[in-house]
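Remarks on the structure that follows.
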Amino acid sequence: MDLTRDIRSESANLASLILSQAFVNWHKAFMRVLDPYKLTYSQWIILHTLMATGEAMSPSELNRYLTIEGSSISVVIDGIERRGLIQRRRSRADRRVVKVRLTAEGNALLNTIDAQISRLISDIFGHLTVTERGQLIALCRRIRDASIRHNGGDIGEVENILMRFSGAS
């Protein structure tokens with residue numbers, strides 16, 4: 001019996017469990033912010049992506065930013081379009097191309113929600129020092145990158161999307 005290997009395996013299992021618990025509880029807290037506005041996470045992330053990038057995007061472009069199945073994104077877009085938060089426009093040059101843009105109503109709603117999300121982030125991550133937050137980001141990136149490699153994804157593309165989404169690019 002290799003004791004070192006057992007300790008590493010046990011440690012990885014514990015880390016996996018804690019990460020899962022953190023995600024589930026973070027998601028619950030996040031949804032408590034979105035629920036009064038009758039928004040799902042998928043709807044919020046589409047709206048937020050459009051606001052963060054500041055440009056109209058096609059559903060396929062949005063899909064690159066999100067974790068929504070390709071066929072489901074149309075259903076999500078339909079729901080927020082009915083609420084007047086986004087608008088679809090066909091390209092004049094190529095009628096097959098459809099772009100989605102944030103409306104003034106969508107932008108106003110996001111400004112209200114984002115103030116609450118900022119408070120949530122401060123409440124939860126405010127317990128960490130600046131150094132600890134940097135360490136957390138580095139560790140989460142390593143876990144994300146290993147997961148992406150495991151699933152055959154493109155780490156460079158995901159990192160580019162993250163930088164654009166966060167306004168760092």
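Taken together, the values in this text are just the output of simple stated rules run on the coordinates, not laboratory data. Note that the structure is predicted; figures quoted are calculated from it, not measured. Quick reminder, even Gly has a Cβ in these numbers, built from the backbone with ideal geometry, and neighbours come from all protein chains shown.
Quick one: Phe30, Phe125, fewest Cβ neighbours within 10 Å first, how do they rank?
On the way: Phe30 17, Phe125 12.
Ascending number of Cβ neighbours within 10 Å: Phe125, Phe30.
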inquiry  = With just the Cα atoms defining each centre, how far is the stretch 4-54 from the stretch 55-119? Give it in Å.
reply    = 21 Å
query = At 222 nm, what helix-only mean residue ellipticity would the chain give, in deg cm²/dmol to the nearest 500, using -39500 (n - 2.57) for each DSSP H run of four or more?
reply = -24000 deg cm²/dmol
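Based on the Cβ-Cβ distance from Lys99 to Lys38, what FRET efficiency comes out when R0 is 30 Å, to the nearest 0.05?
Details: r = 25 Å, r/R0 = 0.83.
It comes to 0.75.
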key: Pairwise label distance in nanometres, Arg133 with Val158, each label 7 Å out on the Cα-Cβ vector   = 2.3 nm
